[in-house]
1. Within region 45-79, work out how many residues are of a type in the set (V, I, T) and more than 19 Å from A24 (Cα to Cα).
2. Being within 21 Å of A160 (Cβ to Cβ) and assigned to a helix (DSSP H, G or I) is the filter here, so list the residues in region 128-148 that pass it.
3. Filter region 149-158 down to the residues that are assigned to a helix (DSSP H, G or I) and among the aliphatic types (A, V, I, L, M), then identify the one that is surrounded by the fewest Cβ atoms within 10 Å (Cβ to Cβ).
4. Please identify the pairs in which a residue from region 8-34 that is on the phi > 0 side of the Ramachandran plot has its Cβ atom under 7 Å from the Cβ atom of a residue that is open to solvent by 10 Å² or more (accessible area, probe 1.4 Å) and more than 15 Å from the ligand (Cβ to nearest atom), counting only partners at least 6 apart or on another chain.
5. Just to be sure I understand the filter: pairs with C-beta atoms under 7 Å, separated by 6 or more residues or on different chains, first member in region 67-78 and over 12 Å from T13 (Cα atoms), second member near the ligand (Cβ under 9 Å from one of its atoms) and open to solvent by less than 60 Å² (accessible area, probe 1.4 Å). Which pairs pass?
6. Going through K161, K169 one at a time, which residue ends up being more than 11 Å from the ligand (Cβ to nearest atom), basic (K, R), within 17 Å of the chain's Cα centre (by Cα) and part of a helix (DSSP H, G or I)?
Amino acid sequence: MDLYLKNRRVFITGSSRGIGLATAECFLSEGAVVILNGRDKQRLEKITFELSCRYGDRVSYIAADVLSNEGIHEISKQLEEQYHGLDVFIGNIGNGKPEQDNVLSVSEWRRFYDINVLGNVQIMNKIHKLLKTGTNPSVVLVSSVIAREAANAPVGYAAAKSAVRVLSKYLSRIWINDGIRVNCVLPGNVYFEGGRWNELRNMDIEGTMHYISTNVPMKRFGEPMEIANAIAFLASDKASFITGAEICVDGGQLSAM
Ligand SMILES: NC(=O)c1ccc[n+]([C@@H]2O[C@H](COP(=O)([O-])OP(=O)(O)OC[C@H]3O[C@@H](n4cnc5c(N)ncnc54)[C@H](OP(=O)(O)O)[C@@H]3O)[C@@H](O)[C@H]2O)c1
């Protein structure tokens, strides 16, 4: 399906692997201009080279830490000076890996909020002015099914991902005054080499597969591209009457009506 994304400038946080990387590929295959992001410059260089062999010079990167003021400054500066604006922002960075056993550890809650929520808040604050002048601009934030379904995840992570949904909904009602649509995708359990589920499966293959087969009606993991497809659709003109919405891509895991 042609999503009418040709030449749209798309910036994706945390796109050097997993869901972010698949999303980059999805936009590139639709003819968009994609700017990758991550902290590891060497990895970004390698990925950019590999993608450019398939998609040409429409792919580049900004190596920057989205959680630091310098990183945010660098991103907005480069988007303004090198790309002269932005059409699509994908807020993908996030992390749910626990560092402590204590579900009520304040430092753990802070860490989850920083990486899942405040990174998005800070960056959107900076790039709002760029999006306002973009072509049919839109934002997609990546939350998680864990924001709506009590399951096996740290409570601080679930709360932070709920805040991402709230952020998306509220912002959609304000930013539509500038013509910017804001939506949210809630992935289920997504498996890829080097990802969190790969790590958990290596630690306990039987327990992990039992968890998936008893909690997910489709009895399997999702693939990064299955999440990317929903993100690209919401960001595209095919979703022109959709804002403040969310799509759960979880193999049926969400049981709430
Ligand atoms: N995987 C799942 O099963 C699943 C399920 C539900 C929701 N989600 C959500 O989906 C999103 C993507 O998850 P994923 O599993 O694909 O991610 P991931 O494997 O954790 O990859 C994270 C990406 O973010 C980058 N990154 C991390 N910290 C950063 C920072 N401070 N500044 C800039 N870049 C940073 C990483 O590169 P560097 O290390 O080089 O910085 C990497 O490219 C997250 O929001 C996650 O919470 C994932």
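The values are calculated or read from the model by the stated rules, or taken from the named source; none is laboratory data. The shown structure was predicted, so the numbers you read here are calculated from the model rather than taken from an experiment. Note: ideal-geometry Cβ built from the backbone for every residue, glycine included; neighbour counts use all protein chains shown. These area figures cover heavy atoms from the full protein model, side chains too; ligands, DNA and RNA do not enter into them. Shrake-Rupley method; radii C 1.70, N 1.55, O 1.52, S 1.80 Å.
1. The initial filter retains those residues of region 45-79 that are of a type in the set (V, I, T), namely 47-48, 59, 62, 66, 72, 75.
Next cut, more than 19 Å from A24 (Cα to Cα) only: 72.
Of the residues in that region, 1 qualify.
2. Going through region 128-148, the residues within 21 Å of A160 (Cβ to Cβ) turn out to be 139-148.
Result: V145, I146, A147.
3. Our first condition is that a residue be assigned to a helix (DSSP H, G or I); within region 149-158, this holds for 155-158.
Subset that is among the aliphatic types (A, V, I, L, M): 155, 158.
Details: V155: 15, A158: 20.
Restricting to residues being assigned to a helix (DSSP H, G or I) and among the aliphatic types (A, V, I, L, M), the top hit is V155.
4. Between residues of region 8-34 that are on the phi > 0 side of the Ramachandran plot and residues that are open to solvent by 10 Å² or more (accessible area, probe 1.4 Å) and more than 15 Å from the ligand (Cβ to nearest atom), the close pairs are G31/K6; G31/N7.
5. E74/A64
6. Numbers: K161 fails: more than 11 Å from the ligand (Cβ to nearest atom).
That would be K169, the only listed residue that is more than 11 Å from the ligand (Cβ to nearest atom), basic (K, R), within 17 Å of the chain's Cα centre (by Cα) and part of a helix (DSSP H, G or I).
Okay, residues lined up against (1) assigned by TED's automatic domain parsing to the domain that holds N95; (2) at pLDDT 95 or above; (3) in contact with a Ser or Thr (Cβ under 8 Å, 6 or more places away or on another chain); (4) not charged (D, E, K, R):
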{"residue": "N198", "(1), (2), (3), (4)": "no, yes, no, yes"}
{"residue": "E206", "(1), (2), (3), (4)": "no, yes, no, no"}
{"residue": "S213", "(1), (2), (3), (4)": "no, yes, no, yes"}
{"residue": "P217", "(1), (2), (3), (4)": "no, yes, no, yes"}
{"residue": "A230", "(1), (2), (3), (4)": "yes, yes, no, yes"}
{"residue": "K238", "(1), (2), (3), (4)": "yes, yes, no, no"}
{"residue": "I242", "(1), (2), (3), (4)": "yes, yes, no, yes"}
{"residue": "Q253", "(1), (2), (3), (4)": "no, yes, no, yes"}
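Residue-wise test of (1) touching a residue at least 60 places away in the same chain (Cβ under 8 Å); (2) surrounded by fewer than 21 Cβ atoms within 10 Å (Cβ to Cβ).
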site: S162; (1), (2): no, yes
site: Y170; (1), (2): no, yes
site: C184; (1), (2): yes, no
site: R196; (1), (2): yes, yes
site: Y211; (1), (2): no, yes
site: P217; (1), (2): no, yes
site: A239; (1), (2): yes, yes
site: I242; (1), (2): yes, yes
site: A245; (1), (2): yes, yes
